[in-house]
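Asks: Sharing a structure, written as structure tokens. Questions coming.
The values are calculated or read from the model by the stated rules, or taken from the named source; none is laboratory data. The structure presented is a predicted model; accordingly, all values stated were derived computationally and were not measured. We place every Cβ from the backbone using ideal geometry, glycine too, and count neighbours over all the protein chains shown. Areas reflect the complete protein model, heavy atoms only, side chains present, ligands, DNA and RNA absent. Shrake-Rupley method; radii C 1.70, N 1.55, O 1.52, S 1.80 Å.
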Number of protein chains: 4
Amino acid sequence: MTTITTDLAQTIVEKAQQKARELNVNVCIAITDSGAHLAMFYRMEQAFIGSIDVAIAKARTSVLFPLPSDEFGQLIRDEQLTGMELTNQHLVGFSGGIPIIRNGSVIGAIGISGASTEHDKLIAQYAVTDR
Amino acid sequence: MTTITTDLAQTIVEKAQQKARELNVNVCIAITDSGAHLAMFYRMEQAFIGSIDVAIAKARTSVLFPLPSDEFGQLIRDEQLTGMELTNQHLVGFSGGIPIIRNGSVIGAIGISGASTEHDKLIAQYAVTDR
Amino acid sequence: MTTITTDLAQTIVEKAQQKARELNVNVCIAITDSGAHLAMFYRMEQAFIGSIDVAIAKARTSVLFPLPSDEFGQLIRDEQLTGMELTNQHLVGFSGGIPIIRNGSVIGAIGISGASTEHDKLIAQYAVTDR
Amino acid sequence: MTTITTDLAQTIVEKAQQKARELNVNVCIAITDSGAHLAMFYRMEQAFIGSIDVAIAKARTSVLFPLPSDEFGQLIRDEQLTGMELTNQHLVGFSGGIPIIRNGSVIGAIGISGASTEHDKLIAQYAVTDR
């Protein structure tokens, strides 16, 4: 598999919803494919409208530069990569984006936005783990 | 209900998938809320990458100007509404976008893209009908 | 091969240059991968500056909707797909973009711009043919 | 020579590839002309998709403000040039962009992205040096 299948995207979206409900938060869930194109999107009831674009940007970021979005942000700040977040339309450098890796290949990414950055990250991690 | 619920969006996305499978086509399915913001998005396996943006644009168009997107396009062409399709970031004036109406109110819209315009329209109509 | 290799992109760019020299025209040559991202770009001496963006747009168009860009344009005009060319940032609907297909899969596309549409097309066709 | 020739651009792109292979890294290589327009682009196998736009932005930056892109970034930060990186579509203020100077004139620039900023800079410096 070089890019995420619809079935796997669906499974990951459902796991993200389940974790968000456990944490009692409302989030936007975005899945991008290996080309950083939107594969699936799910907005939970009452999630912020502003989180739509953030969730999609996190998922794009974590494919374009295959790192968790918070690690990518740390790199931007540590290395003073002035203007990096303006490239590729715009990128996001905080928790909630995670690459989806299978057999060592980045086949896509998830982006979660709407809760605290800690909760966004927990949801993303739970959803992409291969179990 | 003033805007579409997540449950209703989910139901409509599933009905659209079902109809697309019946017609043996692969499409992108977008649902926008009453504020023209993305509520849900589903890309079927093998749907064109280019159809992602088109499906979302159709669903945005049919909330911003609450008409089926093909009727909106006819209006643009008949009335020579020069530049109209350039407004609101960009709009789409052909089949596949339909407002979702409940109790006389526009609570959102669906946008389908990826098959012929006739099939896109059939899928959208089937999915939004209240049965 | 699911997306174009650098070696194949290089070969196609060189074949395009060779054909352009035969025709005594100066063009821009763009190659996109299967995700519509730029893989390679070559501007021949004296090619119009304005052709840079056109060549890239043709190559993006022919991946996003896997058709020769002139056939895609014909579809837009015949079916009155108002606003279609404004989607996906912007698309191009005239000769010069051709999908690159190997073993039945679209692995990328070429976009040629700078000469007449007939010559742009000839160059693109010559360059992508598998010989 | 007021702007870079295709032959010189080609030579510089090849020297950049050679240095990148020596360093065992995969990068995107962009060359802009004296008008900051793309002259040539080469993406090495496995280079990040996100590096395409960054490499082009570095090469644009180093023509628009004829400085190495890291020195330009330092200037933005030291002088608190708020919003500078948002101008000209967007600019990049870290290592990897270098003006190409011949006979005291800026005839173009190179932008390298995909490795560490140190390696990106080494590759750019090696490629543009006139030997």
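Asks: Counting only residues that are open to solvent by less than 10 Å² (accessible area, probe 1.4 Å) and within 14 Å of chain B (Cβ to nearest Cβ), which one in segment C:85-105 is farthest from B:T61 (Cα to Cα)?
Replies: C:G97
Asks: Turning to a different aspect of this structure: Do we have C:E45 as farther than 26 Å from D:I31 by Cα and open to solvent by 30 Å² or more (accessible area, probe 1.4 Å) here? It would help to see each step written out before you state the result.
Replies: Working: farther than 26 Å from D:I31 by Cα: no; open to solvent by 30 Å² or more (accessible area, probe 1.4 Å): yes.
Spelling it out, it is not the case that C:E45 is farther than 26 Å from D:I31 by Cα and open to solvent by 30 Å² or more (accessible area, probe 1.4 Å).
Asks: Can you pull out the residues in segment B:54-83 that are open to solvent by 30 Å² or more (accessible area, probe 1.4 Å), more than 19 Å from B:I101 (Cβ to Cβ) and in contact (Cβ under 8 Å) with a residue 12 or more places away in the chain?
Replies: Across segment B:54-83, the qualifying residues are B:I56, B:Q74, B:R77.
Asks: Next up: Read through the list (1) under 10 Å from B:A109 (Cα atoms); (2) within 13 Å of chain C (Cβ to nearest Cβ), then give the number of the only condition that B:D70 fails.
Replies: Against the list (1) under 10 Å from B:A109 (Cα atoms); (2) within 13 Å of chain C (Cβ to nearest Cβ), B:D70 comes up short only on (1).
Asks: Can you tell me which of B:T3, B:T11 is open to solvent by 10 Å² or more (accessible area, probe 1.4 Å) and more than 15 Å from B:A127 (Cα to Cα)? Even if it seems obvious, please write down each step before you answer.
Replies: On the way: B:T11 fails: more than 15 Å from B:A127 (Cα to Cα).
Exactly one residue qualifies, and that residue is B:T3.
Asks: Something else: Quick check, is B:E22 more than 8 Å from every other protein chain (Cβ to nearest Cβ), over 16 Å from C:T82 (Cβ atoms), free of Cβ contacts under 8 Å to residues at least 24 places away in the same chain and among the charged types (D, E, K, R)? Lay out the reasoning, then the answer.
Replies: Values: more than 8 Å from every other protein chain (Cβ to nearest Cβ): yes; over 16 Å from C:T82 (Cβ atoms): yes; free of Cβ contacts under 8 Å to residues at least 24 places away in the same chain: yes; among the charged types (D, E, K, R): yes.
Here the answer is yes, as B:E22 does meet what is asked.
Asks: Looking at A:S51, is it out of contact with any strand residue (DSSP E or B) (no Cβ under 6 Å at 6 or more places or on another chain), more than 8 Å from every other protein chain (Cβ to nearest Cβ), more than 19 Å from D:I52 (Cα to Cα) and surrounded by 22 or more Cβ atoms within 10 Å (Cβ to Cβ)? Before you say what the answer is, go through the steps one by one.
Replies: Numbers: out of contact with any strand residue (DSSP E or B) (no Cβ under 6 Å at 6 or more places or on another chain): no; more than 8 Å from every other protein chain (Cβ to nearest Cβ): yes; more than 19 Å from D:I52 (Cα to Cα): yes; surrounded by 22 or more Cβ atoms within 10 Å (Cβ to Cβ): yes.
No, not satisfied.
Asks: Within segment B:25-48, count every residue that is hydroxyl-bearing (S, T, Y) and more than 7 Å from every other protein chain (Cβ to nearest Cβ).
Replies: Pass one, segment B:25-48, residues hydroxyl-bearing (S, T, Y): B:32, B:34, B:42.
Okay, now just the ones that are also more than 7 Å from every other protein chain (Cβ to nearest Cβ), so B:32, B:34.
Residues meeting the conditions: 2.
Asks: Tell me, please, whether a residue that is at pLDDT 95 or above, under 22 Å from D:S116 (Cα atoms) and hydroxyl-bearing (S, T, Y) can be found in segment A:12-35.
Replies: No, every residue in segment A:12-35 fails to be at pLDDT 95 or above, under 22 Å from D:S116 (Cα atoms) and hydroxyl-bearing (S, T, Y).
Asks: A further question follows. Given segment C:48-131, what helices (runs of 4 or more DSSP H) lie entirely inside it while holding 3 or more residues that are within 14 Å of the chain's Cα centre (by Cα) and closer than 19 Å to D:M40 by Cα? If you could, list the steps in order and put the result at the bottom.
Replies: Numbers: elements: C:51-64, C:69-78, C:117-128.
In segment C:48-131, the matching helices (runs of 4 or more DSSP H) lie at C:51-64, C:117-128.
Asks: For segment B:14-42, give me the residue count where each residue is buried (at least 21 other Cβ atoms within 10 Å of the Cβ) and part of a helix (DSSP H, G or I).
Replies: 2
Asks: Here is a follow-up. Count, please, the residues in segment A:110-127 that happen to be polar (S, T, N, Q) and surrounded by 24 or more Cβ atoms within 10 Å (Cβ to Cβ).
Replies: From segment A:110-127, those polar (S, T, N, Q) are A:113, A:116-117, A:125; that's our starting set.
Within this subset, residues satisfying the condition of being surrounded by 24 or more Cβ atoms within 10 Å (Cβ to Cβ) are A:113.
So the answer is 1.
Asks: Does at least one position in segment B:38-60 carry a residue that is within 26 Å of C:S34 (Cα to Cα) and acidic (D, E)?
Replies: Yes, segment B:38-60 has at least one match.
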